[in-house]
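Below is one structure, written out as structure tokens, with a few remarks after it.
Every number here is computed from the coordinates shown, using simple stated rules; none is lab data. Note that this is a predicted model, so its numbers are computed, not measured. With ideal geometry, Cβ positions are generated from the backbone for all residues, glycine too; neighbour counts draw on all protein chains shown.
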Amino acid sequence: MADNPFMQPSTLPFELPPFDRIRDSDYLPAFQAGMREQLTEVARIAHNPQPAAFDNTIVALERAGQLLQRVDAAFGRLNACNTNPRMQEIDTEMAPKLTAQQDAIHLDPALWARVDALYEKRASLHLEPESLQLLTRYHTEFVRAGARLTAAEQTRLRALNTEISTLTTRFKHNVLKATADGAVAVEDLKDLDGLSEGQIGAAAQAAAARGLTGKWLITLQNTTNQPLLAQLTNRALRERIYRASIGRASGGATDNTAVIAQLVKLRAERAALLGYASHAAYQLEDESAGSPAAVRDMISQVAPAALARARAEAADIQKLIDTQARVSGTPSFTLQPWDWSFYAQQVRRARYDFDQARVAPYFELDHVLQDGVFYAAHQLYGLSFKERRDLPVYQPDVRVFEVSDADGEPLALFLADYFARDNKQGGAWMAAYVTQSRLLHHKPVVANHLNIPKPQAGQPVLLSFDEVTTMFHEFGHALHGMLSRVRYPKLAGTAVPRDFVEYPSQYNEMWAREPSVVAHYARHYQSGEPMQPELLEKVLAAQKFNQGYATTEYLAAALLDQAWHQISAAQAPSPAEVPAFEQAALRDSGLDYSPVPPRYHSTYFSHIFESGYSAGYYAYLWSEVLARDTGQWFHTHGGLTRANGDYLRTQVLSRGRSEDPQVLFRNFYGRAPEIAPLLEYRGLAGGS
């Protein structure tokens with residue numbers, strides 16, 4: 001254990017994990033030692049002979065478990081972005097044990113008595129606001145974890161938590177394997193008509209990596225709709241890719257239907273044990289929304305306009321399909337989900353004179369990162385970024401940047417991991433290896449992960465505008481973590497409700513399309529020439545196109561999530577009934593429109609069955625209301641300025657959960673959130 005890299009804090013800058021020293025064999029011993037250490041520390045707190053005080057109980061809990069935190073943070077992040085079979089075995093073994101560890105702490109009667117006693121006399125403690133918030137969070141977490149249940153009820157709760165943890169881990173592993181296995185092999189180059197040379201090269205490289213010599217491989221992304229469907233002219237191949245996407249984890253060795261059926265049943269049973277009508281009611285009580293009714297009300301303000309716009313978009317696409325069939329003398333066909341993106345791009349090209357192939361050369365990854373993402377952060381917050389090539393990474397493609405504040409003081413480390421790999425989970429996300437805390441003298445180490453197909457060696461990495469927007473989105477999360485300036489780690493950075501955590505990221509998207517920022521990063525990768533103003537105008541105008549589709553597919557998934565988590569245990573379907581339950585839920589939502597499938601079908605809906613967004617997928621829309629209000633505020637107050645950036649930083653981005661998030665937003669914005677800016681941003685104002 002003396003050589004185990006987790007046993008002592010890292011000596012690297014910012015306590016960056018020593019990736020070059022970590023071996024798979026280090027994890028289990030460090031987990032075991034860390035769990036023992038934490039339980040010993042917690043027992044010392046719980047049985048302290050001194051009366052309960054804020055410092056000897058709450059602050060002591062904040063200090064406890066540092067070894068476990070180090071190994072858990074590194075393992076969890078690397079298992080998501082750079083996993084292997086041994087790590088997945090460790091994940092399967094440790095997930096229920098870590099859940100049991102949390103239960104052992106939250107259900108310790110002596111510890112609960114101290115926390116409860118402090119909370120009951122909180123007014124007399126005269127705590128400053130952040131400390132009072134910390135005490136409140138601890139008390140809330142203990143209550144929600146079952147501290148008030150009887151001993152018999154707690155025994156059942158522990159069993160439920162263990163089973164739920166095991167199932168979510170199984171779901172995650174199934175999706176990862178099913179997504180890799182679902183890749184579509186292409187044997188004839190002609191079938192790839194419509195793709196760029198770089199995309200074809202990336203498909204060849206993906207095939208070669210799996211030993212498929214002379215073939216091309218279309219790998220799947222996490223969503224239902226696959227990006228290449230917008231370009232492939234071969235309709236049969238588009239359908240193959242679409243069906244491979246929606247068929248993931250719905251049969252065979254990676255079948256998730258039984259996992260889902262059991263998981264929603266156990267979650268419902270746990271909610272009832274804790275005194276709630278449903279898992280959704282339990283989850284939403286601790287979110288900004290507060291209740292399922294509030295979620296339904298918010299969605300109902302957007303859904304009609306979104307569906308009306310989607311139907312209008314479909315009518316335009318069908319008209320184009322019919323016209324092309326008539327001109328070519330071939331039979332027409334009814335618009336299907338695998339056709340939408342392909343023909344929508346043609347409609348957009350005709351309406352806005354927008355051609356992705358024409359604009360892609362202006363969105364080279366490093367230009368977007370350095371001259372767009374980093375530039376906006378510098379203009380708003382005074383941040384500077386210096387690449388550190390002397391620090392270890394876990395994959396050669398990963399880049400590390402040291403972030404300095406406006407006064408030159410070191411602020412954070414930022415890791416950029418942008419390329420897709422078979423051993424990396426789908427989608428895009430931010431993760432923290434080290435969470436900011438003045439109590440523990442920790443400065444943040446955060447990472448952004450995307451899944452951009454890696455081109456062949458020597459080829460430029462040219463992005464779609466959606467990928468550009470995703471880079472800005474994830475960096476918004478990174479800023480939330482890096483700009484955190486709180487005392488206690490439990491309240492730091494992104495440790496806020498799910499329907500608030502997406503707010504800084506969705507707000508940061510606005511700078512991807514801000515003309516002054518776009519003009520700074522949109523430069524031709526070969527000539528360095530800036531994008532012409534008229535082309536930039538077309539790029540920006542085209543962003544409101546297809547928003548009926550985008551909003552409807554998202555809302556359908558959000559309502560599917562609510563349907564799964566508003567049922568009782570007795571209403572949970574059998575594994576065989578899972579597809580029918582989903583179909584009924586979509587039909588009842590009013591958003592069951594066949595050309596527009598939900599962004600995720602249940603069997604690969606990782607947000608809600610694995611990654612912490614159960615009953616919370618609505619959060620993206622809830623947060624986007626705040627984000628678009630913030631965008632309007634910026635434009636009203638002068639746009640991209642340090643004064644505006646520093647004000648948002650002071651009021652929101654540096655505060656974590658040191659105060660109620662709704663209060664933070666109201667203090668910044670000056671009034672309650674308004675939905676009109678969101679509808680305008682998405683081009684849905686007016687409803688059709």
### Spin-label pair Gln324/Ser300, simplified geometry with 7 Å Cα→Cβ offset, distance in nm
4.0 nm
#### Entry: Label-to-label distance, nm, for residues given as Glu141 and Glu120 (7 Å Cα→Cβ offset)
2.2 nm
### Likely footprinting exposure, Asp108, Asp422, fewest C-beta neighbours within 10 Å first
Asp422, Asp108
### Summary
Expected sort for Asp499, Asp297 with the fewest Cβ neighbours (10 Å cutoff) up front is Asp297, Asp499
## Note on the structure
A student applying the Cα gyration tensor rule (rounded when a/c is under 1.5; otherwise prolate if a/b is larger than b/c, oblate if not) would label region 202-316 oblate
### Message
I need the peptides 347-355, 541-549 ranked by packing, meaning the mean over residues of other C-beta atoms within 10 angstrom, with the highest value on top.
### Response
541-549, 347-355
### Message
Could you tell me the center-to-center distance, by alpha carbons, between region 330-390 and region 114-141 in angstrom?
### Response
47 Å
### Task
Once you have a ≥ b ≥ c as the square roots of the Cα gyration tensor eigenvalues for region 71-139, tell me rounded if a/c is under 1.5, and otherwise prolate or oblate according to whether a/b is larger than b/c.
oblate
### Query
For region 152-166, what does the Karplus curve 6.51 cos²θ - 1.76 cosθ + 1.60, with θ = phi - 60°, yield as ³J(HN,Hα) per residue in whole Hz, taken in order and with x for Gly and Pro?
5, 5, 5, 4, 5, 4, 4, 5, 4, 4, 5, 5, 4, 4, 4
### Task
Scan region 643-688 for trypsin sites (Lys or Arg not before Pro) in coil per DSSP, keeping those whose Cβ has at most 13 other Cβ atoms within 10 Å, and list them by number.
Arg671
### Relative contact order (%) - criterion: Cα under 8 Å, at least six apart; region: region 360-536
25 percent
### Message
Give me log10 I(q)/I(0) at q = 0.10, 0.16, 0.20 Å⁻¹ for region 360-536, Debye formula, one equal scatterer per alpha-carbon, no solvent.
### Response
-0.39, -1.00, -1.49
#### Entry: Inter-label distance for Lys190 and Glu37, nm, one decimal - labels placed 7 Å from Cα along Cα-to-Cβ
6.4 nm
### Summary
tail above 32 Å in the computed P(r) of the chain, as % of all Cα-Cα pairs, reads 53 percent
### Task
Please work out the C-alpha center-to-center distance from region 594-636 to region 155-189 and express it in whole Å.
21 Å
